[in-house]
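Worksheet: one structure, shown below.
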Amino acid sequence: MSIWILFLILLGLAITGYIIGRQRAWQLTTGANGIIHSRPGHHGMYVAIWVFVPATLIAILSVALVPVFATMSVVSAMPDHMRDLSEGAFSLLLTDIRNLAGGNATSKEASADVVALAQHLVAYRENAKIILSVVVLAIAGAGFAFAFKGIHPDLRARNRVELAIKIFLIVCSVIAIITTLGIILSLVFESFLFFFKVSIFEFLFGLHWSPQTALRADQAGASGSFGSIPLFVGTLLITFIAMCVAVPVGLLSAIYLSDYASDRIRGVVKPILEILAGIPTVVYGFFAALTMAPLIRNTGEALGLDVASESALAAGVVMGVMIIPFVSSLSDDVINSVPQSLREAAFGLGATKSECLKQVVLPAALPGIFAAVLLAISRAIGETMIVVMAAGLGANLTLNPLEQVTTVTVQIVSLLTGDQEFDSAKTLSAFALGLMLFIATLTMNIVALRVVRKYREKYD
Amino acid sequence: MTDITVERPADQTERAERSARLLKKRHASEFRFKLYGVFAILVALVVLVSLLTTIISGGYSAFYQTEMQLEVTFTPEKVDPKGDQSEASFKKGNFLSVFKEAVQKTFPDVTGRRDKKAVRALYSPGSYLILREMVMEDPSLVGKTVKVWLPADDVVDMLNKGFIDRNLPETDRPISDKEIAWIEKLEKAGHVEMAFNSRFFTNGNSREPELAGIWAALKGSFLTMVVTLSLTFPVGVAAAIYLEEFAPKNPFTDLIEVNINNLAAVPSIVFGLLGLAVFLGMFNMPRSSPLVGGMVLALMTLPTIIIAARASLKAVPPSIREAALGMGASRWQAVSHHVLPLAMPGILTGTIIGMAQALGETAPLLMIGMVAFIVDPPGGLFSGGLTDAATVLPVQIFLWSDMPERAFVEKTNAAIIVLLSFLVVMNLLAIVLRKKFERRW
């Protein structure tokens with residue numbers, strides 16, 4: 001809470017700095033020659049930036065660092081027997097101390113030592129808060145003094161302010177790179193830890209997936225095996241079913257809307273199709289589990305087929321529906337970007353509309369459609385909620401769409417929700433799966449974007 | 001000569017016939033092709049309509065709830081053991097016994113431990129808590145006998161709403177003949193009623209369907225969205241301005257662009273893994289909190305907003321910039337005074353659509369532990385709510401969809417209706433914004 005107050009104070013100081021700086025610059029204009037390089041507002045901004053930015057950076061940095069130092073201080077204040085605890089018990093102890101310091105419930109009755117440590121932590125935090133506030137305000141004051149002294153008719157305040165803004169803009173654009181790096185590094189790092197425990201060959205080529213590891217050394221049965229082939233087969237099976245729904249429906253509706261439909265119909269139908277894209281996936285998942293799966297099961301039973309209650313078909317069909325608008329809007333773009341002259345030439349030779357479409361437009365648009373399908377596949381592979389809710393957990397190695405299969409994303413969710421220890425092979429395997437998922441989707445996206453770019457260049 | 005003149009018409013008619021047949025075939029195939037298109041659109045529309053109808057028809061009934069009247073006597077000794085009408089005293093009070101007594105009085109002829117328990121179970125198990133809350137709000141009730149409407153147990157509610165068939169054999173339904181007889185007795189006395197289910201909007205999660213509500217999840221969603229918006233909007237717009245207006249054409253800029261395009265297509269669950277490994281694992285940020293959830297969703301929506309903002313900046317004609325530069329404005333002045341205001345409607349539209357996406361997102365939030373069972377809503381925005389354990393509406397839907405009770409199906413549908421109405425409102429807002437402020441150059 002006090003961090004908000006500190007922030008508000010800084011903001012107030014910055015505004016004051018702006019007003020004072022502007023005032024000062026105005027006074028300069030009434031001086032001997034009365035010409036200043038930048039407008040008074042720029043001088044004001046210049047002061048405000050010096051007041052606000054360094055102080056805020058320091059504040060953010062210390063907010064991130066204070067908990068780390070606080071923990072270190074608590075650890076150093078601990079009696080020896082606590083420091084000798086096993087890793088799990090030690091982190092539990094730290095959590096207890098933190099909870100006690102925060103006034104929350106603890107896992108067990110707190111001993112006198114723990115209470116003392118919690119008080120130590122509270123005192124440390126209080127002190128840190130006071131020191132932090134003083135330091136930050138001092139930096140703001142120093143920034144103000146520096147900037148205010150610098151105000152001068154020749155000061156290039158505008159250029160400096162704009163440089164600061166430009167740096168901010170660049171930092172914001174670099175966040176995209178940092179995010180990608182963060183994803184890659186965290187996934188690769190955790191996967192490395194996993195591959196120390198489980199061989200990479202077993203993971204890539206193993207045919208058996210059952211991540212339940214033994215909790216105790218003497219426990220029998222649950223040894224844990226991490227062959228990911230069944231997961232990828234399951235993912236591809238569901239993706240294939242989804243594509244069987246999404247590609248024909250999406251492509252044909254895109255063709256109809258772009259070449260046959262009147263403007264009025266297009267104006268109505270297109271937004272309605274877009275609604276399908278706006279529905280949250282959790283809703284599709286619920287629909288798949290509660291409506292589509294029983295429907296398919298009952299139909300199958302009426303036909304004398306044996307259908308699992310969480311069949312791959314149900315999840316796949318609903319996922320296909322979700323992807324229809326994606327395919328249709330992408331292929332709509334592609335079909336529209338085929339030059340009109342190609343169509344006119346075909347019509348000039350007496351082709352009917354469908355002949356022109358089938359024999360001229362679609363072949364010309366094929367690379368683009370291929371890219372669209374690739375993007376749709378990458379989306380289907382990464383889709384999570386529908387399969388979590390409608391596909392099963394059992395890793396069956398099968399191609400039968402009526403049986404239950406599991407997917408990569410389902411396993412990631414089931415491995416990482418609920419109780420977990422951070423270093424077990426079971427938890428780490430989720431990151432290895434995530435890495436595979438990331439690599440697969442990234443490759444498809446890069447290929448698809450390449451194809452699209454080449455295709456555009458061809459007709460632009 | 002004559003041979004030829006005789007032969008030609010024959011040949012021509014044959015050719016004409018053949019081409020007529022061919023033309024017919026071609027037109028038929030044209031017609032079929034068109035039909036495929038119509039059929040494809042119909043398939044999509046039918047699925048959409050059936051999706052919406054199953055959800056609305058399955059969910060509207062959750063907005064009202066069966067309530068049963070009970071005559072409750074708040075005996076002072078039981079309710080207020082300390083006798084000072086203080087909150088602490090009420091908390092110690094034995095409201096369960098008050099409730100038991102009231103039920104006993106309504107059904108005087110029910111005897112035997114098991115039957116007494118069964119008849120109490122017709123009312124919500126949280127009834128005594130509701131009674132306590134009533135007294136805490138209005139201490140003058142102590143010592144009085146009042147008629148209170150209490151929520152019925154979910155099985156009774158389902159029976160009353162007609163989801164359980166009374167005519168089924170007893171073994172096939174979750175409610176016994178005896179219990180139905182008791183309910184019918186209450187019905188005859190006019191003590192069973194349908195009322196608007198305000199608890200659905202004011203309560204947090206609960207194991208009892210009749211007490212479960214979406215308020216905690218709504219609040220969690222709100223806090224998460226505040227974090228997401230306040231991070232992603234400034235950063236997204238700034239990045240778009242840089243890339244569109246300032247960036248020189250060099251490999252570094254290309255790298256950023258490729259990155260953004262790829263991030264837009266990274267599966268959302270991968271962002272969840274990033275949040276788990278970096279925000280929770282490395283920075284030890286609070287698990288299950290709207291702060292971390294909002295940060296993960298901000299990273300996820302960032303590409304959407306950057307792409308939308310760039311498109312609308314690009315749509316502003318260069319003449320505007322050139323005019324500003326010609327008047328002596330700096331690049332930044334040209335952008336901030338002229339280009340950005342003109343591009344704002346488009347940027348806002350893109351932002352709203354990105355936020356709608358984030359509002360419906362579930363998977364990454366499961367990774368950072370926002371699946372907790374949340375009864376109490378998180379605190380306010382400035383009173384620590386950002387770091388409290390919280391859940392969001394889509395996750396609540398996911399959690400309820402897993403519950404075995406029949407009544408939770410209805411709740412899930414109702415929560416979906418609420419979520420969808422939020423999304424509809426946001427999208428309508430985006431459309432209005434676009435229609436009203438969009439300029440064609």
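The values are calculated or read from the model by the stated rules, or taken from the named source; none is laboratory data. Remember, predicted model here, so these are calculated numbers, not experimental data. For neighbour counting, all protein chains shown are included, and Cβ atoms are generated from backbone atoms with ideal geometry for every residue, glycine included.
Starting from residues that are assigned to a helix (DSSP H, G or I) and within 10 Å of chain B (Cβ to nearest Cβ), keep the ones in the range A:259-269 and report whichever is surrounded by the fewest Cβ atoms within 10 Å (Cβ to Cβ). Filtering the range A:259-269 for residues that are assigned to a helix (DSSP H, G or I) and within 10 Å of chain B (Cβ to nearest Cβ), the one surrounded by the fewest Cβ atoms within 10 Å (Cβ to Cβ) comes out as A:ILE265.
Within the range A:181-197, the set of residues being within 10 Å of chain B (Cβ to nearest Cβ) and of a type in the set (A, V, I, L, M, F, W, C) comprises A:LEU181, A:ILE183, A:ILE184, A:LEU185, A:LEU187, A:PHE189. Inspect the range B:187-200 for any residue being farther than 30 Å from B:LEU366 by Cα and of a type in the set (Val, Ile, Thr) and give the result as yes or no. Yes, the conditions are met somewhere in the range B:187-200. Report yes if some residue within the range B:156-164 is charged (D, E, K, R) and surrounded by fewer than 13 Cβ atoms within 10 Å (Cβ to Cβ); otherwise report no. No, the conditions are met nowhere in the range B:156-164. Of the residues making up the range A:333-356, those that are surrounded by fewer than 21 Cβ atoms within 10 Å (Cβ to Cβ), assigned to a helix (DSSP H, G or I) and away from chain B (no Cβ under 12 Å) are A:ASP333, A:ASN336, A:GLN340, A:SER341, A:LEU342, A:ARG343, A:GLU344, A:ALA345, A:ALA346, A:PHE347, A:GLY348.
Taking the listed residues B:LEU302, B:LEU274, the one that is closer than 30 Å to A:THR95 by Cβ, in contact (Cβ under 8 Å) with a residue 24 or more places away in the chain, in contact with a Gly (Cβ under 7 Å, 6 or more places away or on another chain) and at the interface with chain A (Cβ under 9 Å from one of its Cβ atoms) is B:LEU274, with no other qualifying. Within the range B:143-155, restricting attention to residues that are surrounded by fewer than 18 Cβ atoms within 10 Å (Cβ to Cβ) and not basic (Lys, Arg), which residue is modelled with the lowest pLDDT? Filtering the range B:143-155 for residues that are surrounded by fewer than 18 Cβ atoms within 10 Å (Cβ to Cβ) and not basic (Lys, Arg), the one modelled with the lowest pLDDT comes out as B:GLY143.
Just a yes or no: is a residue in the range B:245-252 at the interface with another protein chain (Cβ under 8 Å from one of its Cβ atoms) and touching a Cys at 6+ places or on another chain (Cβ under 7 Å)? No - not one qualifying residue is present in the range B:245-252. Considering only residues in the range B:373-397 that are of a type in the set (A, V, I, L, M, F, W, C) and exposed (fewer than 15 other Cβ atoms within 10 Å of the Cβ), the one that is nearest to the other protein chains (Cβ to nearest Cβ) turns out to be B:PHE382. Within the range A:426-449, identify whether any single residue is farther than 30 Å from A:ASP333 by Cα, at pLDDT below 80 and either of a type in the set (Asp, Glu) or within 22 Å of the chain's Cα centre (by Cα) (or both), and answer yes or no. Looking for residues that are farther than 30 Å from A:ASP333 by Cα, at pLDDT below 80 and either of a type in the set (Asp, Glu) or within 22 Å of the chain's Cα centre (by Cα) (or both), one finds none in the range A:426-449, hence no.
Just one of the numbered conditions (1) modelled with pLDDT of 80 or more; (2) closer than 17 Å to A:TRP4 by Cα is not true of A:VAL74: (2). Among the residues of the range B:281-298, is any among the aliphatic types (A, V, I, L, M), at negative phi, in a helix (DSSP H, G or I) and within 7 Å of another protein chain (Cβ to nearest Cβ)? Scanning the range B:281-298, I find no residue that is among the aliphatic types (A, V, I, L, M), at negative phi, in a helix (DSSP H, G or I) and within 7 Å of another protein chain (Cβ to nearest Cβ), so the answer is no. Every listed requirement among (1) over 16 Å from the mean Cα position of the chain (by Cα); (2) crowded, with 24+ Cβ neighbours inside 10 Å; (3) aliphatic (A, V, I, L, M); (4) more than 10 Å from chain A (Cβ to nearest Cβ) is met by B:LEU365 save one, (1). Based on this model, can you work out whether B:MET282 counts as modelled with pLDDT under 90 and either farther than 27 Å from A:PHE431 by Cα or surrounded by fewer than 18 Cβ atoms within 10 Å (Cβ to Cβ) (or both)? Considered against the rule, which asks whether it is modelled with pLDDT under 90 and either farther than 27 Å from A:PHE431 by Cα or surrounded by fewer than 18 Cβ atoms within 10 Å (Cβ to Cβ) (or both), B:MET282 comes out as yes. Return yes or no: is A:THR398 outside any helix (DSSP H, G or I) and touching a Gly at 6+ places or on another chain (Cβ under 6 Å)? For A:THR398, the condition - outside any helix (DSSP H, G or I) and touching a Gly at 6+ places or on another chain (Cβ under 6 Å) - is not met. Considering A:ALA164, A:ALA123, A:ALA145, A:ALA140, which residue is assigned to a helix (DSSP H, G or I) and at pLDDT below 90? Step by step, each of A:ALA164, A:ALA123, A:ALA145, A:ALA140 is checked, and only A:ALA123 is assigned to a helix (DSSP H, G or I) and at pLDDT below 90. When the residues of the range B:377-404 are narrowed to those that are β-branched (Val, Ile, Thr) and not in a helix (DSSP H, G or I), which ends up farthest from the chain's Cα centre (by Cα)? Selected residue: B:THR391. Please determine whether any residue of the range A:373-391 is out of contact with any strand residue (DSSP E or B) (no Cβ under 6 Å at 6 or more places or on another chain), without any contact (Cβ under 8 Å) to a residue 24 or more places away in the chain and not aromatic (Phe, Trp, Tyr). For the range A:373-391, residues out of contact with any strand residue (DSSP E or B) (no Cβ under 6 Å at 6 or more places or on another chain), without any contact (Cβ under 8 Å) to a residue 24 or more places away in the chain and not aromatic (Phe, Trp, Tyr): absent. Among all positions in the range A:393-409, there is at least one residue which is crowded, with 21+ Cβ neighbours inside 10 Å and facing chain B (nearest Cβ under 10 Å).
Does B:SER268 satisfy the condition of being facing chain A (nearest Cβ under 8 Å), of a type in the set (S, T, N, Q) and crowded, with 21+ Cβ neighbours inside 10 Å? In short, yes. Any residue that is exposed (fewer than 15 other Cβ atoms within 10 Å of the Cβ) and either charged (D, E, K, R) or within 14 Å of chain B (Cβ to nearest Cβ) (or both) - is there at least one of those in the range A:133-147? No, the range A:133-147 contains no residue that is exposed (fewer than 15 other Cβ atoms within 10 Å of the Cβ) and either charged (D, E, K, R) or within 14 Å of chain B (Cβ to nearest Cβ) (or both). Cβ-Cβ distances below 8 Å connect the following pairs, each with a first residue in the range A:184-208 that is under 14 Å from A:LYS426 (Cα atoms) and in a helix (DSSP H, G or I), a second residue that is of a type in the set (Ser, Thr, Tyr) and modelled with pLDDT of 85 or more, and a separation of six or more residues or different chains: A:PHE194/A:SER429; A:PHE203/A:SER228; A:PHE203/A:SER429. Please state which one of A:ILE412, A:ILE377 is more than 10 Å from chain B (Cβ to nearest Cβ), crowded, with 18+ Cβ neighbours inside 10 Å and modelled with pLDDT of 90 or more. Step by step, each of A:ILE412, A:ILE377 is checked, and only A:ILE377 is more than 10 Å from chain B (Cβ to nearest Cβ), crowded, with 18+ Cβ neighbours inside 10 Å and modelled with pLDDT of 90 or more. Before we move on, is A:VAL318 farther than 23 Å from A:GLN404 by Cβ, touching a helix residue (DSSP H, G or I) at 6+ places or on another chain (Cβ under 9 Å) and among the hydrophobic types (A, V, I, L, M, F, W, C)? No, not satisfied.
Consider A:GLU274 carefully, then state whether it is modelled with pLDDT under 90 and away from chain B (no Cβ under 11 Å). Judged against the criteria, A:GLU274 is not a match. Quick one: would you say B:PRO209 is of a type outside the set (Lys, Arg) and in a loop (DSSP other than H, G, I, E, B)? Here the answer is yes, as B:PRO209 does meet what is asked. Within the range B:165-183, residues that are closer than 14 Å to B:ARG406 by Cβ and in the same structural domain as B:VAL110 (by TED's automatic domain parsing) sit with their Cβ atoms under 6 Å from residues that are among the hydrophobic types (A, V, I, L, M, F, W, C) and assigned to a loop (DSSP other than H, G, I, E, B), at 6+ positions apart or across chains, in these pairs: B:ARG173/B:ILE164.
Residues being closer than 21 Å to A:VAL387 by Cβ and either within 8 Å of chain A (Cβ to nearest Cβ) or not aliphatic (A, V, I, L, M) (or both) are entirely absent from the range B:422-441. State yes or no: is A:GLU383 of a type in the set (Asp, Glu), at pLDDT 90 or above, closer than 20 Å to A:LEU236 by Cα and in the same structural domain as A:GLY316 (by TED's automatic domain parsing)? Criteria met by A:GLU383.
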